[in-house]
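Note sheet for the following structure.
What follows is calculated from the coordinates using simple rules that are stated; it is not laboratory data. Computed from a prediction, not measured in an experiment: that's the story for all the values here. Positions of Cβ are generated from backbone atoms using ideal geometry, with glycine treated the same way; all protein chains shown enter the neighbour counts.
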């Protein structure tokens, strides 16, 4: 049996974290963090395959989190998908400056869009992942 990929979801809203977990937990090991600081602890402990990252959080923004972990061995070259309720061109342009950012999802989270973008960021097809679980 193949080891499941670990996805780290970081959002200060519990509802968003629950939604992400429910949508992805059948295919992936999903780790949840309500703050950038909690996420740093997770990144220190294990290698994640993908980070789903809220931009606006109290204490440490998504951008601040990426700056802090950019040199961590477990966070290097990990693709990031920003998740935000803001869709301003300026914010999206700023997010694209981070080399690891692969995509941008606008809240509220749409299940089909989340799944499609997660699989694309991981260069996987949903069908091949389901077949490997059989």
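Rounded to the nearest 10 degrees, the angle from helix 111-121 to the longest Cα principal axis of the chain is 90 degrees.
Computed from Cα atoms, the angle from the helix 14-24 axis to the main principal axis of the chain rounds to 30 degrees.
Scale the Cα Rg of segment 9-134 by the rule-of-thumb value 2.2 N^0.38 Å and send over the ratio, two decimals.
Normalised Rg, Cα atoms only: 1.00.
Counting each DSSP H run of 4 or more residues in the chain as -39500 (n - 2.57), what helix-only mean residue ellipticity at 222 nm follows after dividing by all residues, to the nearest 500 deg cm²/dmol?
-11500 deg cm²/dmol, from helical runs alone.
From the alpha carbon centroid of segment 27-60 to that of segment 80-105 is 16 Å.
For the chain, set up a GNM with springs between Cα atoms under 10 Å and report which of 89, 73, 111 has the largest fluctuation. For the chain, modelled as a Gaussian network with Cα springs under 10 Å, the answer is 89. Spacing of the modelled spin labels on residue 116 and residue 98, each 7 Å from Cα toward Cβ, amounts to 2.3 nm.
Compared with the dominant Cα axis of the chain, that is its longest principal axis, helix 36-45 is turned about 40°.
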